[in-house]
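Trainee: One structure is given below, represented as structure tokens, and several questions about it will come after.
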Amino acid sequence: MNPTPDDSFASLTPDFMLDALDAAGLRCDGRMLQLNSYENRVLQVHLDDGRIAVAKFYRPGRWTDAQILEEHAFALELAQAEVPVAPPWTLDSQSAAVSLSGNPSTLAHMQGQRFAVAARQGGRAPELEDAEVLSWIGRLLARLHVIGARQAFTERVSWASAAPAIAARDWLLDHDILPPEIRGPWDEEARRCIDAITRAFDEFPDLRLLRLHGDCHPGNILWTPDRGPHFVDLDDAVNGPAVQDLWMLLSGDPLTAQQQLSAVLKGYEMVAEFDRRELRLIEPLRTLRMIHHSAWLARRWGDPAFPQAFPWFGTPNYWNDQVSKLREQLEAMQPQAAISSAPPDEEPYEFWDA
């Protein structure tokens with residue numbers, strides 16, 4: 001793999017970022033800490049007025065202004081409804097800030113870089129082996145989904161079909177990313193999986209789509225003893241079925257995953273209804289994400305941060321492993337028995353631990 005060098009963030013020196021924040025009306029005292037983020041560049045800064053903020057500099061070309069601002073509007077709507085998120089701050093108009101009609105200016109431009117700022121949210125990783133913690137997260141997700149059901153995103157993408165997997169497969173093949181000896185087997189398994197994903201969604205012509213968090217893995221949830229869980233990132237917010245925000249919380253062997261799901265649903269259904277038929281979409285959504293993730297890594301390989309963080313990507317062993325995992329996912333997506341409507345702690349569920 002010989003990617004084109006990606007210098008999207010070459011201009012993001014400490015001085016540049018401090019100047020950008022100053023232009024947005026946020027004067028810093030010089031203390032900066034880079035936070036973990038592969039897709040964007042995120043840093044914690046201390047302001048002269050004593051506040052501690054998190055500034056996110058968006059990867060150029062990934063989202064349009066309208067898509068970012070739609071995410072911001074969703075975060076502001078959630079915060080207004082007292083759903084614990086970190087909404088973006090209004091920025092000084094002198095920083096070339098832009099906004100959606102009827103909303104404050106939350107996105108700023110400076111010399112080709114776009115950024116937003118929010119208050120720092122402290123916390124630690126949630127203890128997902130604790131059923132009470134999972135139930136609390138389930139209640140939080142239900143509250144988010146109640147707000148998300150009010151309207152749909154019009155600018156952001158949807159995870160409600162095989163389309164993201166098709167786009168990812170086509171990009172990988174068009175750019176000759178796979179080793180020649182593995183290209184054929186991988187393409188065959190990817191196509192079979194895409195057909196299975198398509199069939200799974202075709203079974204739900206009445207599937208209810210919501211505005212979702214979209215990337216609800218444990219790393220995007222922080223926990224504090226007094227406030228419980230809160231979300232820290234809506235960068236991947238999408239339209240999709242509610243189950244998309246549930247399945248990434250599940251891990252471990254099938255029995256453990258069943259117990260985790262029961263706890264999450266127990267909390268979720270205290271707040272909102274959940275269509276149990278959507279549980280059949282867990283494995284199709286997992287498979288969709290696997291194919292999409294491979295393309296995401298390949299697209300970003302020219303960014304020096306990615307080879308350092310994912311040194312195993314792109315090797316023959318990686319792609320052979322993906323072929324095996326796609327075969328396993330194809331088996332996992334085979335039609336299952338109908339899901340009962342019994343209470344979550346009385347009904348077992350079948351998963352494939354990918």
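The values are calculated or read from the model by the stated rules, or taken from the named source; none is laboratory data. Because the structure is predicted, anything quoted here is derived from the model rather than measured. In this analysis, Cβ positions are derived from the backbone assuming ideal geometry, glycine residues included, and neighbour counts consider all displayed protein chains.
Trainee: Evaluate the stretch 166-181: report whether one residue or more is part of a loop (DSSP other than H, G, I, E, B), loosely packed, with under 15 Cβ neighbours inside 10 Å, assigned by TED's automatic domain parsing to the domain that holds Asp233 and free of Cβ contacts under 8 Å to residues at least 60 places away in the same chain. Can you show your working first?
Mentor: First pass over the stretch 166-181, keeping only residues part of a loop (DSSP other than H, G, I, E, B): 175-179.
Pick out the ones that are also loosely packed, with under 15 Cβ neighbours inside 10 Å and you get 175-176.
Narrowing the set further to residues that are assigned by TED's automatic domain parsing to the domain that holds Asp233 leaves 175-176.
From what is left, the residues that are free of Cβ contacts under 8 Å to residues at least 60 places away in the same chain are 176.
Yes: one or more hits.
Trainee: Applying the selection to the stretch 157-173, what residues are more than 15 Å from the chain's Cα centre (by Cα) and of a type outside the set (Val, Ile, Thr)?
Mentor: Taking the stretch 157-173 first, the residues more than 15 Å from the chain's Cα centre (by Cα) are 161-163, 165-173.
Across the stretch 157-173, the qualifying residues are Ser161, Ala162, Ala163, Ala165, Ala167, Ala168, Arg169, Asp170, Trp171, Leu172, Leu173.
Trainee: Could you identify the single residue in Phe9, Phe57 that is under 15 Å from Trp89 (Cα atoms) and aromatic (Phe, Trp, Tyr)?
Mentor: Details: Phe9 fails: under 15 Å from Trp89 (Cα atoms).
Residue meeting the stated conditions: Phe57.
Trainee: Exactly one condition in (1) buried (at least 20 other Cβ atoms within 10 Å of the Cβ); (2) over 21 Å from Phe74 (Cβ atoms) is false for Gly214; which is it?
Mentor: Against the list (1) buried (at least 20 other Cβ atoms within 10 Å of the Cβ); (2) over 21 Å from Phe74 (Cβ atoms), Gly214 comes up short only on (2).
Trainee: Could you figure out which of (1) modelled with pLDDT under 90; (2) part of a helix (DSSP H, G or I) isn't true of Tyr318?
Mentor: Result: Tyr318 passes all but (1).
Trainee: Return yes when Gly219 is part of a helix (DSSP H, G or I) and among the small types (Gly, Ala, Ser) and no when it is not. Steps first, please.
Mentor: Values: part of a helix (DSSP H, G or I): yes; among the small types (Gly, Ala, Ser): yes.
It is true that Gly219 is part of a helix (DSSP H, G or I) and among the small types (Gly, Ala, Ser).
Trainee: Let me ask another. Can you tell me how many residues in the stretch 287-311 are outside any helix (DSSP H, G or I) and in contact with an Asp or Glu (Cβ under 9 Å, 6 or more places away or on another chain)?
Mentor: Start the filter on the stretch 287-311 by keeping residues that are outside any helix (DSSP H, G or I), which leaves 300-304, 310-311.
This time we only want the ones that are in contact with an Asp or Glu (Cβ under 9 Å, 6 or more places away or on another chain), so: 300-304.
Qualifying residue count, the stretch 287-311: 5.
Trainee: Moving on to the next point. Please find, among Asp187, Asp195, Asp92, Asp130, the residue that is within 28 Å of Gly302 (Cβ to Cβ) and among the charged types (D, E, K, R).
Mentor: Values: Asp195 fails: within 28 Å of Gly302 (Cβ to Cβ); Asp92 fails: within 28 Å of Gly302 (Cβ to Cβ); Asp130 fails: within 28 Å of Gly302 (Cβ to Cβ).
Answer to the selection: Asp187.
Trainee: Quick one: which of Leu210, Leu255, Leu246 is free of Cβ contacts under 8 Å to residues at least 40 places away in the same chain and among the hydrophobic types (A, V, I, L, M, F, W, C)? Can you show your working first?
Mentor: Working: Leu210 fails: free of Cβ contacts under 8 Å to residues at least 40 places away in the same chain; Leu246 fails: free of Cβ contacts under 8 Å to residues at least 40 places away in the same chain.
The unique qualifying residue is Leu255.
Trainee: Give just the number: which of (1) at pLDDT below 90; (2) not assigned by TED's automatic domain parsing to the domain that holds Ile52 does Gln111 not satisfy?
Mentor: Tallying (1) at pLDDT below 90; (2) not assigned by TED's automatic domain parsing to the domain that holds Ile52, Gln111 fails exactly one: (2).
Trainee: Return yes or no: is Leu212 in contact with a Gly (Cβ under 7 Å, 6 or more places away or on another chain), modelled with pLDDT of 95 or more and of a type outside the set (Phe, Trp, Tyr)? Before you say what the answer is, go through the steps one by one.
Mentor: On the way: in contact with a Gly (Cβ under 7 Å, 6 or more places away or on another chain): yes; modelled with pLDDT of 95 or more: yes; of a type outside the set (Phe, Trp, Tyr): yes.
It is true that Leu212 is in contact with a Gly (Cβ under 7 Å, 6 or more places away or on another chain), modelled with pLDDT of 95 or more and of a type outside the set (Phe, Trp, Tyr).
Trainee: Looking only at the stretch 121-153, count how many residues are surrounded by fewer than 15 Cβ atoms within 10 Å (Cβ to Cβ), touching a strand residue (DSSP E or B) at 6+ places or on another chain (Cβ under 6 Å) and at pLDDT below 95.
Mentor: The total comes to 1.
Trainee: Report, by residue number, each residue of the stretch 58-89 that is among the aromatic types (Phe, Trp, Tyr) and either loosely packed, with under 15 Cβ neighbours inside 10 Å or in contact with a helix residue (DSSP H, G or I) (Cβ under 7 Å, 6 or more places away or on another chain) (or both).
Mentor: Step one: of the stretch 58-89, the residues among the aromatic types (Phe, Trp, Tyr) are 58, 63, 74, 89.
Within the stretch 58-89, Tyr58 is the sole residue that qualifies.
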